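Peer 1: Shown below is the structure under consideration.
The values are calculated or read from the model by the stated rules, or taken from the named source; none is laboratory data. In this text the structure is predicted, and so the values were computed from the model without any measurement. So basically every Cβ, Gly included, is an ideal-geometry build from the backbone, and we count neighbours across all protein chains shown. SASA here: full protein model, heavy atoms, side chains in, ligands and nucleic acids out. Shrake-Rupley method; radii C 1.70, N 1.55, O 1.52, S 1.80 Å.
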Amino acid sequence: MAGWQNEPFKVEGKEGDKKFICMCGKTGNAPFCDGSHKGSDITPAKIEFDRDKTMFVCGCGESSKRPLCDGSHKNL
Ligand code: FES
């Protein structure tokens, strides 16, 4: 998958929030799924917030922990 940017996206959520992160790379609303994956075998990744917090979502496409950042962008 081609990345969107060479740094993670900061995604803030409140307790109970669910957000769907694009895993196909075709979304026009990175890093969130916009439905562009339809017709493929790829599905978005759901992240759930068990409390109010900030998560860092992979923007470069190289993280081994996608949809979350693992720091791989630092090696680009
Ligand atoms: S648009 Fe990429 S997974 Fe939905």
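Peer 1: State to the nearest 20 debye the size of the charge dipole of the chain about its Cα centre, where the only charges are +1 on K and R beta carbons and -1 on D and E beta carbons.
Peer 2: Charge dipole of the chain: 60 debye, to the nearest 20.
Peer 1: Now for a different question. Quick one: go through the range 1-21 and flag any residue whose amide nitrogen is under 19 Å from the point 7 Å out along the Cα-to-Cβ line of S64.
Peer 2: Residues 1, 8 fall inside that zone.
Peer 1: Can you give me the accessible area per residue for the chain, using a 1.4 Å probe, in Å²?
Peer 2: 64
Peer 1: Something else now. As an exercise, use a Förster radius of 30 Å and the Cβ-Cβ distance of K74 and K38 to find the FRET efficiency, rounded to the nearest 0.05.
Peer 2: Plugging the Cβ-Cβ distance into 1/(1 + (r/R0)^6) gives 0.35.
Peer 1: At a threshold of 8 angstrom on Cα-Cα distance, excluding pairs fewer than six apart, so keeping six or more, what relative contact order does the chain reach in percent?
Peer 2: Across the chain, relative contact order equals 39 percent.
Peer 1: Tell me, what % of the accessible area of the range 6-76 is carbon and sulfur with a 1.4 angstrom probe?
Peer 2: Roughly 43 percent of what the probe reaches on the range 6-76 is carbon or sulfur.
Peer 1: Using the Karplus curve 6.51 cos²θ - 1.76 cosθ + 1.60 with θ = phi - 60°, what ³J(HN,Hα) values do you get for each residue of the range 33-41, in whole Hz, with x for Gly and Pro?
Peer 2: Each residue's phi maps through the Karplus curve to give 5, 10, x, 5, 6, 4, x, 10, 8 Hz.
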